[in-house]
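Q: Take a look at this one; I'll ask things after.
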Amino acid sequence: RLNIAVDPNNCNRVYIVWTDNNPLGGNNYSLHIISSTNGGVNWSANDLRRIDNAINPALAINCLGELAFSYQRLVSGNWQTIVERTTNDFATTATTTLNTFPDGTPASTFLPYLGDYACLTAMPSGKDFCGVFSASNNPNPANFPAVQPLWQRNVNTATNQLRNLTNTSNVNVSIDPFF
């Protein structure tokens, strides 16, 4: 997986993130970010940011020059969808966890489990970013620590249950896309 972002105010400022197998072996992956300040002629010698046990990287730069980096990471048996924002190549970051849920809940019925895509873009109007990721649609508020989603299906918020189209019975959770 590979993603690239170019600063809309300075086409020489470029970032790339990619996924590779990490030294832990098995199905573990690492994300690596490097940058260029001369339009890709030369690249940073070392990773600006490395995340182990992570997949689905995405980058975007807004018109204020802020870089956003989103990814999904498996930590202590839980999947987390995270966005990091930085203005100084990760010397400092503002980190937001968008979603967290136990690996295997729901049970895997296909591979890749979370899907093989994520998207992040800077809004042309200013400082905001938006994106898409896949995760468990369990409506438990604890799964969405930053912002509660606006559900496009029936949900019983008292019991944290998904409901069918007629709102007459519960349905099983699944992996769904979120915007």
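The values are calculated or read from the model by the stated rules, or taken from the named source; none is laboratory data. Please read all numbers here as calculations on a predicted model, not as lab measurements. Quick reminder, even Gly has a Cβ in these numbers, built from the backbone with ideal geometry, and neighbours come from all protein chains shown. To get the accessible areas, we keep the full protein, side chains included, count just its heavy atoms, and leave off ligands, DNA and RNA. Shrake-Rupley method; radii C 1.70, N 1.55, O 1.52, S 1.80 Å.
Q: Counting only protein heavy atoms, what percent of the accessible surface of the chain is carbon or sulfur at a 1.4 Å probe?
A: 52 percent
Q: For a quick check, take a GNM of the chain with Cα springs below 10 Å and name the residue from Ser35, Ser134, Ser125 with the largest mean-square fluctuation.
A: For the chain, modelled as a Gaussian network with Cα springs under 10 Å, the answer is Ser125.
Q: Could you compute how fast the chain diffuses translationally, taking Rh as the Kirkwood radius over C-alpha pairs and applying Stokes-Einstein at 10 °C with viscosity 1.306 mPa s? Give it in µm² per second. Kindly include the intermediate steps, with their values, before the conclusion.
A: Details: Rh = 17.5 Å.
Taking Rh from Cα pairs, D becomes 91 µm²/s.
Q: In the full protein assembly as shown, how much of Arg50 is accessible to a 1.4 Å probe, in Å² to the nearest 10?
A: 100 Å²
Q: Where does the charge balance sit around Gln80 when Lys and Arg score +1, Asp and Glu -1, over other residues with C-beta under 15 Å from its C-beta?
A: Net charge around Gln80: -2.
Q: Oh, and also: Explain nothing, just the number: dipole magnitude of the chain about its Cα centre with +1 on each Lys and Arg Cβ and -1 on each Asp and Glu Cβ, in debye rounded to the nearest 20.
A: About 260 debye.
Q: Continuing with this model, one more query. Quick query: amide H of Asn138 versus all other amide H atoms, modeled in the peptide plane; which residues come in under 5 Å with a sequence gap of 5 or more or a different chain?
A: Ser174
Q: Springs between alpha-carbon atoms under 10 Å, Gaussian network over the chain: tell me which of Thr109, Thr166, Thr37 tops the mean-square fluctuations.
A: Result: Thr166 has the largest fluctuation of those listed.
Q: Apply the Karplus curve 6.51 cos²θ - 1.76 cosθ + 1.60, θ = phi - 60°, to the phi angles in region 108-118 and return the couplings in whole Hz, x for Gly and Pro.
A: 5, 10, 7, 10, x, 3, 8, x, 10, 8, 7
Q: Starting from the amide H of Glu66, placed 1.01 Å from N in the peptide plane, find each other amide H under 5 Å away whose residue is 5 or more places distant or on another chain.
A: none
Q: Let me ask something additional. Find the accessible area per residue for region 111-179; the probe is 1.4 Å, ligands and nucleic acids are left out, and the unit is Å².
A: Dividing the accessible area of region 111-179 by its residue count gives 62 Å².
Q: Also, quick follow-up: Give, rounded to the nearest 20 debye, the magnitude of the charge dipole that region 28-124 has about its Cα centre when Lys and Arg contribute +1 at Cβ and Asp and Glu contribute -1 at Cβ.
A: Dipole size: approximately 40 debye.
Q: Find the relative contact order for region 28-71 and round it to a whole percent, using C-alpha pairs within less than 8 Å whose residues are 6+ positions apart.
A: Working: 62 pairs, mean separation 15.5, N = 44.
RCO, region 28-71: 35 percent.
Q: Mean separation of Cα pairs under 8 Å and 6+ residues apart, divided by the residue count of region 33-179: what relative contact order is that in percent?
A: Value for region 33-179: 18 percent.
Q: Ok, one more. Would you work out the relative contact order for region 64-150, in percent, from Cα pairs under 8 angstrom that are 6 or more residues apart? Walk me through the numbers on the way to the answer.
A: Details: 126 pairs, mean separation 22.0, N = 87.
RCO, region 64-150: 25 percent.
Q: Just read off the accessible area of Asp7 with the full protein assembly in place, 1.4 Å probe, to the nearest 10 Å².
A: Roughly 10 Å² of Asp7 is accessible to a 1.4 Å probe.
Q: Right, here's the next one. In whole Hz, what ³J(HN,Hα) sequence does region 129-144 give by Karplus (6.51, -1.76, 1.60; θ = phi - 60°), x for Gly and Pro?
A: So the J values, rounded to whole Hz, are 10, 9, x, 10, 8, 10, 6, 4, 8, 4, x, 5, x, 5, 6, 10.
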